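Remarks on the structure that follows.
The values are calculated or read from the model by the stated rules, or taken from the named source; none is laboratory data. None of these values were measured; they are calculated from a predicted model. Note: ideal-geometry Cβ built from the backbone for every residue, glycine included; neighbour counts use all protein chains shown. Please note that ligands, DNA and RNA were not included when accessible areas were found on the heavy atoms of the full protein model with its side chains. Shrake-Rupley method; radii C 1.70, N 1.55, O 1.52, S 1.80 Å.
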Amino acid sequence: MEIHMRRAATQLSVTLLLLALAACAAVPPRVEPLWVTLADLRPAKIGLLEQEYALKIRVQNPNEMEIPMSGLSYQVDLNGKPFAKGVSRQSITVPAFGEVLLDVSAVSGLSGILEQLSAMREAVPQRITYRLQGRLASPSRGSVPFDQTGSLDLSGFAAGDQR
């Protein structure tokens, strides 16, 4: 009877060990959020009622695994006001510990330009602040939001600067 008890205890231990290993394998690895930044913004097509801008958006992956993306949506704010927005259906894969530079476009209306020009007419800004926000679509992770802010120092471009 003691042999049967030892066998049962051994089988139970092996079963519990296998269950514990299976549970650990089912836990997904921790995935850090992707870093999304605005790398460039240039006028592309200027019309009276609508303007199109060429943007470069950098997506960096700080993870050990590649992350596929099926598209993104985004909005650019300048000086705290909505400026331009866009979408892209680009399907890419951001490599592990790598980055991808996306060429996309964004559209703004006449009101966005007029608000910015009106604010600049009152006083020439020393700094322009910007915000890039939106979401990435990933088949493996769902919708992943991003929000990045920054500023451009314009003090060196002032009219009276004699550097």
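Tabulated data
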read-out: Size of charge dipole - the stretch 108-150 - debye, nearest 20, with Cβ of Lys, Arg +1 and Asp, Glu -1, no other charges; value: 160
read-out: Proximal charge balance of Gly71 [Cβ under 11 Å; K/R count +1, D/E count -1]; value: +2
read-out: Residue-by-residue Karplus 3J(HN,Hα) for the stretch 63-74, coefficients 6.51, -1.76, 1.60, Hz, glycine and proline x; value: 9, 7, 10, 6, 10, x, 10, 10, x, 7, 10, 7
read-out: Highest-first arrangement of 124-133, 57-66, where packing means the average Cβ count within 10 Å; value: 57-66, 124-133
read-out: Neighbour net charge for Trp35 - beta-carbon separation under 11 angstrom, K R +1, D E -1; value: -1
read-out: Accessible area of the stretch 43-146 divided out per residue, in Å², using a probe of 1.4 angstrom; value: 57
read-out: Alpha carbon Rg of the stretch 55-163, scaled by the compact-globule rule 2.2 N^0.38 Å; value: 1.31
read-out: Qualifying aspartates and glutamates (Cα of each under 18 Å from Cα of Lys85; at least 8 residues distant if same chain); value: Asp40, Glu50, Glu52, Asp77, Asp103, Glu115, Asp147
read-out: Local net charge near Lys45, Cβ-Cβ under 15 Å (Lys/Arg +1, Asp/Glu -1); value: -2
